[in-house]
Each structure stands twice: as C-alpha cells, then as structure tokens.
1. So how do B:Met29, A:Met32 rank on accessible area, 1.4 Å probe, biggest first, that is with the largest at the start?
2. Pairs to check: A:Lys70/B:Lys5; A:Lys83/B:Lys38; A:Lys57/B:Lys71; A:Lys9/A:Lys57; A:Lys9/A:Lys83; A:Lys71/B:Lys5. Give those whose C-alpha atoms are more than 30 Å from each other in this structure.
3. In the protein assembly as shown, how does Rg compare with the Kirkwood Rh, expressed as the Rg/Rh ratio over alpha carbon atoms?
4. Heavy atoms only, probe 1.4 Å: what % of the accessible area of chain B goes to carbon and sulfur, would you let me know?
5. Could you estimate the translational diffusion coefficient of chain B from the Stokes-Einstein equation, with Rh from the Kirkwood formula over C-alpha pairs, at 25 °C and 0.890 mPa s, in whole µm²/s?
6. Would you list B:Ser51, A:Ser80 from the most to the least accessible area, probe 1.4 Å?
7. List the aspartates and glutamates whose Cα sits under 15 Å from the Cα of B:Lys56, skipping any in the same chain fewer than 8 residues away.
8. Roughly speaking, what % of Cα-Cα pairs in chain A are separated by over 22 Å, rounded to a whole number?
Amino acid sequence: DGGITQSPKYLFRKEGQNVTLSCEQNLNHDAMYWYRQDPGQGLRLIYYSQIVNDFQKGDIAEGYSVSREKKESFPLTVTSAQKNPTAFYLCASTARGRGTDTQYFGPGTRLTVL
Amino acid sequence: DQQVKQNSPSLSVQEGRISILNCDYTNSMFDYFLWYKKYPAEGPTFLISISSIKDKNEDGRFTVFLNKSAKHLSLHIVPSQPGDSAVYFCAARSLGRGSTLGRLYFGRGTQLTVWP
C-alpha cells in the first residue's frame, strides 16, 4: 500500500524549541517537497529535493532546514529562527520531478507553537 | 508575488447545479495546470490536469477549461454534490527545460460549499 506518511498528525512545542517533522514515502519517487499552509495563503514552498543528498530552498526557507539522506525520507526541522512556525505542514512527492508527473501529498502535520 | 490567483475565496452552490471555480495566472511560461481538492486537516488530492496544448480536459463530473490567451482556467463540476464541499486549489508549472523541475505554484484556494 504505497503512499506518503507524515508524523505526527498534531505537534505542540514551546517557543524557542526546534522540532522535526517526519515525511516518508514508499512510492519510489525521486522528488520531494515541503509546503506550508496558512489560512487564506494557499500552499507555499519551503524546500524541495530532486535527488538524494541534494535540496533547494523554496520561497519561504528562512527558519527551516531539511536533509535528504535517503530516497524515502525528507524530514523538515522548524528551528527557533522561524518567526511564525504555527501552521499546517504538507509533504509531497513526485516520480521524477519533471514533466507531467503528478505531485502527491501526505496527510499533513499541524504544528502549534505555544 | 502571486503567479497563480484564485480571486474567489468561497463559492456556494446548490446540489445538482454546476460549480465553476476560476483561476488566473500571470507567468506565460506555465504550460501545465492542475486542480487539487482539499478537506480540512488532510493533504490535497489530485483532481484533474490540463496541458497547454489542449483547451479542455474532462474526467467524469469534472472538466477543466484553459484559455491561454486570457491566462485563465476554470474547473466545472456538474452536477455538484455535497461531498464536493472542500477547498479547491489551482496549481501551475512550467515544463520547460530551464524551469525548476517539478515546482508547482499554487493559488490561495476557493472554498466550495454544496448545499442540499
């Protein structure tokens, strides 16, 4: 049963703490993406990765970091430098990251910073 | 700078009627367009797509129309059902070799409510 999993579904953290959001896919996709959704803002790209050990900043990368050590995994760390971390975070993947490949999304993680 | 715009944040339609969701884009390099449907606290799910070589693509109750000269696309849902109530996102990408591979640009979404 292939898909993208994100854990946890809900996450609470105190201000000033770093937190890492998990994203795993078993679709054998090369490209993976992290988006942030805020009310009325649509989906904004944080980071993306086309291949293992390579990743690129998206539109709102400040205060975030990622790694891509394995093809299946693309964890996102929300650092204390991120000024407004409370949001809904979505991970996505696509087969080759080009052409008409469809981008598939995970179920999301709701991060609340207290 | 929003390259994909959905100017209607919400749309309310009676069950059985047609729902028309609109999307405009500014980047003339975009040549592939997608619609996603999203329920609260869930990830978006792919609905339908269209390439710029076409002006219409149909899949069951869902049809997407593309007007390249106007840089406008629309999603038609006929007939609308209560289960269609969700946020619909329009997305676009460039297939060109120089583009950021796989990068999608999203609109802000339109909340569709279908009432009985």
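The values are calculated or read from the model by the stated rules, or taken from the named source; none is laboratory data. Nothing here was measured: the structure is a model prediction, and the numbers come from that model. Counting neighbours? That spans all protein chains shown, and the Cβs are built from the backbone with ideal geometry, glycine included. Each accessible area value is taken on the protein alone, full model and side chains, heavy atoms only, with ligands, DNA and RNA left out. Shrake-Rupley method; radii C 1.70, N 1.55, O 1.52, S 1.80 Å.
1. Listed by decreasing accessible area, they come as B:Met29, A:Met32.
2. Long pairs (Cα-Cα over 30 Å): A:Lys70/B:Lys5; A:Lys71/B:Lys5.
3. Ratio of gyration radius to Kirkwood radius for the protein assembly as shown: 0.97.
4. C and S atoms contribute 49 percent here.
5. Roughly 172 µm²/s, to the nearest whole number.
6. On the way: B:Ser51 30, A:Ser80 75 Å².
Final ranking, largest accessible area leading: A:Ser80, B:Ser51.
7. B:Asp31
8. The answer is 25 percent, as a whole percent.
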